[in-house]
Amino acid sequence: MDNPSPARVLEQNWQVLLGDYNEEEQRTRVAWTRRAAVIFMVFVLAGAAMDLIAYPAKAAEFLRWRAVCAGVLAILLGVSFLPVGPFGIRGIGHAIAASPAVLVLYMVLLTAGGVSPYYAGLNIIMLGSCLLLRWRVVDGFVHASFCLSGYWTIAFATNTPVETTATSLAFLTTTAVVCCLGLYFYERLRFRVYRVRWLAGKTAAEQAAPETGPQPAPGPEGS
């Protein structure tokens, strides 16, 4: 019998392919969520050096809040080792990304409001979250919406000049769009690569399987 075409194999095993792909994505997402927590902890604490230069009078207070944020990230890292399931690990990822974003927004509020240069940290957090966490487009959109709405709220509450607010939001929005587009194309690329690997493995396994007919019954011992 002729081997079925790759398109036929995909059609017959599409649900199996999706299931295998989602399982691999989940394993990778768990590992990268933990890495993201550690990396964010390091950079949150390392940012204290910038506080000493930019706002020396508030450096001690900011260090305390940075330590709190690092502690929250450490707790989330520990929770990620629990059997939380696919939705749970995605929630942990969002909490990991939101923790430094909240810290940056709070420091923006305590310094110069909407004109604070610390708002640029939101760009780094959006980009870092989309790179480090195994996110889909919807995850990037949710996080970007949180960062943009948080900055807009602070700018509005502190009577930030319209031109400053518009400029900052333009940069933040550009970063958000780039991050979401990157997630979209990277997600499609990941699936295409996995589909090729999965199809090659299945085809090789089917070709390696011997076509054996019924085997004769063994004769009596010693005959």
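Put in order of Cβ neighbour count within 10 Å, fewest first, the listed residues Ile75, Ile39, Ile53, Ile92 become Ile53, Ile75, Ile39, Ile92.
For the chain, a Gaussian network of Cα nodes joined below 10 Å ranks Ala144, Ala101, Ala74 by mean-square fluctuation, and the top entry is Ala74.
Dividing the helix sum by the residues of the chain, where each DSSP H run of 4 or more adds -39500 (n - 2.57), gives a mean residue ellipticity at 222 nm of -27000 deg cm²/dmol. Extension gain for Trp14-Phe185 works out to 59.5 nm (0.36 nm per residue, less the C-alpha to C-alpha distance).
Of the residues Phe87, Met126, Pro56, the one whose Cα sits farthest towards the positive end of the charge dipole of the range 6-205 is Phe87 (charges of +1 on Lys and Arg Cβ, -1 on Asp and Glu Cβ, taken about the Cα centre). Loop-located chymotrypsin sites (Phe, Trp or Tyr not before Pro) in the range 70-169 (DSSP state not H, G, I, E or B) with no more than 14 neighbouring Cβ atoms inside 10 Å: Phe81. Between Ala200 and Thr158, the modelled label-to-label distance comes to 5.2 nm, taking each label 7 Å out from Cα in the direction of the beta carbon. Taken about its Cα centre, the chain carries a charge dipole of about 500 debye when Lys and Arg each add +1 at the Cβ and Asp and Glu each add -1 at the Cβ. About its Cα centre, the range 161-204 has a charge dipole of approximately 580 debye under the convention of +1 per Lys or Arg Cβ and -1 per Asp or Glu Cβ, with nothing else charged. Scanning the chain for cysteines with no neighbouring cysteine C-beta under 4.7 angstrom from their C-beta gives Cys69, Cys147, Cys180. For Arg134, the amide hydrogen comes within under 5 Å of the amide hydrogens of Thr33, counting only partners 5 or more places away or on other chains and with H modelled in the peptide plane. Among [x] 97, 39, 25; [y] 74, 49, 29; [z] 64, 36, 28, find the value of Cα extents along the principal axes in Å that was calculated from the structure presented, and write down its label. Evaluating Cα extents along the principal axes in Å on these atoms matches [x].
Projecting the Cα atoms of Val142, Tyr21, Trp65 onto the charge dipole of the chain, computed from C-beta unit charges around the Cα centre, puts Trp65 farthest toward the positive end. Against the main long axis of the alpha-carbon atoms of the chain, helix 162-208 sits at an angle near 10°.
Coordinate-derived values only; no laboratory data. Since the model is a prediction, treat every value here as computed from it, not as a measurement. We place every Cβ from the backbone using ideal geometry, glycine too, and count neighbours over all the protein chains shown.
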